[in-house]
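K.L.:
Sharing a structure here in structure tokens format.
The values are calculated or read from the model by the stated rules, or taken from the named source; none is laboratory data. As the structure is a prediction and not an experimental result, all values here were calculated from the model. A quick note on method: Cβ atoms are made from the backbone with ideal geometry, for glycine too, and the neighbour counts reach across all protein chains shown. Surface areas here come from the heavy atoms of the whole protein model, side chains and all, with no ligands, DNA or RNA. Shrake-Rupley method; radii C 1.70, N 1.55, O 1.52, S 1.80 Å.
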Amino acid sequence: MKYKGILTSSDKRSEAIRFVAVGGFATVLQYGIYVIFVNAVGVQAVVSTLISYAISFVANFFLTSYFTFRSNPNAKKGIAFTLSHLINMGMQTGFVAIFKGLVGPTLALLPALAICIPVNFFLVRFAFKSKYTQGK
């Protein structure tokens, strides 16, 4: 598939590729903001984490809406997006707890992500494509 097709197509494969790109960007954005707040501004690490996560989350929501799924954001999508991320966070935490005993704490996040990222894609896709989140 050509790059233009990935950027413009509404098929699930293109959406998944854009989803990964937006998630990667959101992660880099969060870390960059975190580093700036911790090192340049001198904000405590936990507070910096919360600030950087919040900013990244908002950017992620709008990029997911406009770029990944080609839809207009609304409050229902925002709530569904938030719920999907809360479910994802809970799943990651639970799987890390399981996998740390199998592969050790250093590697535990990797199999957790291998399970959670695809599940989160479908949760977020539902949040943006569901008839319940369309319109007013």
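K.L.:
Could you tell me how many of the residues in segment 66-81 are open to solvent by 50 Å² or more (accessible area, probe 1.4 Å) and of a type in the set (Lys, Arg)? Lay out the reasoning, then the answer.
P.N.:
Of the residues in segment 66-81, the ones open to solvent by 50 Å² or more (accessible area, probe 1.4 Å) are 66-67, 70, 72, 75-76, 79.
Right, trim to of a type in the set (Lys, Arg) and you get 70, 76.
Number satisfying all stated conditions: 2.
K.L.:
What are the pairs with Cβ atoms under 7 angstrom where one residue, in segment 70-83, is within 22 Å of Leu7 (Cα to Cα) and the other, located anywhere, is among the aliphatic types (A, V, I, L, M) and in a helix (DSSP H, G or I)? Sequence gap at least six, or different chains.
P.N.:
Lys77/Ala127; Phe81/Val124; Phe81/Ala127
K.L.:
Separate question: All but one of (1) under 15 Å from Phe121 (Cα atoms); (2) out of contact with any Pro (no Cβ under 8 Å at 6 or more places or on another chain) hold for Phe61; state the number of the condition that does not hold.
P.N.:
All conditions are met except number (2).
K.L.:
Looking only at segment 85-117, count every residue that is in a helix (DSSP H, G or I), of a type outside the set (A, V, I, L, M) and open to solvent by 60 Å² or more (accessible area, probe 1.4 Å) and tell me the total.
P.N.:
Pass one, segment 85-117, residues in a helix (DSSP H, G or I): 85-103, 109-117.
Filter again for of a type outside the set (A, V, I, L, M), leaving 85, 88, 90, 92-95, 99-101, 111, 116.
In the following step, the residues that additionally are open to solvent by 60 Å² or more (accessible area, probe 1.4 Å) were identified as 93, 100-101.
Final tally of qualifying residues: 3.
This table checks each residue for (1) open to solvent by 40 Å² or more (accessible area, probe 1.4 Å); (2) touching a residue at least 40 places away in the same chain (Cβ under 8 Å); (3) under 20 Å from Lys77 (Cβ atoms).
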position	(1), (2), (3)
Gly5	no, no, no
Ala16	no, yes, yes
Val47	yes, no, no
Tyr53	yes, no, yes
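The rows are residues; the columns are (1) among the aromatic types (Phe, Trp, Tyr); (2) in a helix (DSSP H, G or I); (3) surrounded by 15 or more Cβ atoms within 10 Å (Cβ to Cβ).
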site	(1), (2), (3)
Ser10	no, no, no
Gly32	no, yes, no
Ala59	no, yes, yes
Thr64	no, yes, yes
Leu83	no, yes, no
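K.L.:
Here's another thing I want to ask about it. Within segment 90-127, can you find the residues that are within 20 Å of Ser65 (Cβ to Cβ), free of Cβ contacts under 8 Å to residues at least 24 places away in the same chain and polar (S, T, N, Q)?
P.N.:
Within segment 90-127, no residue meets the criteria.
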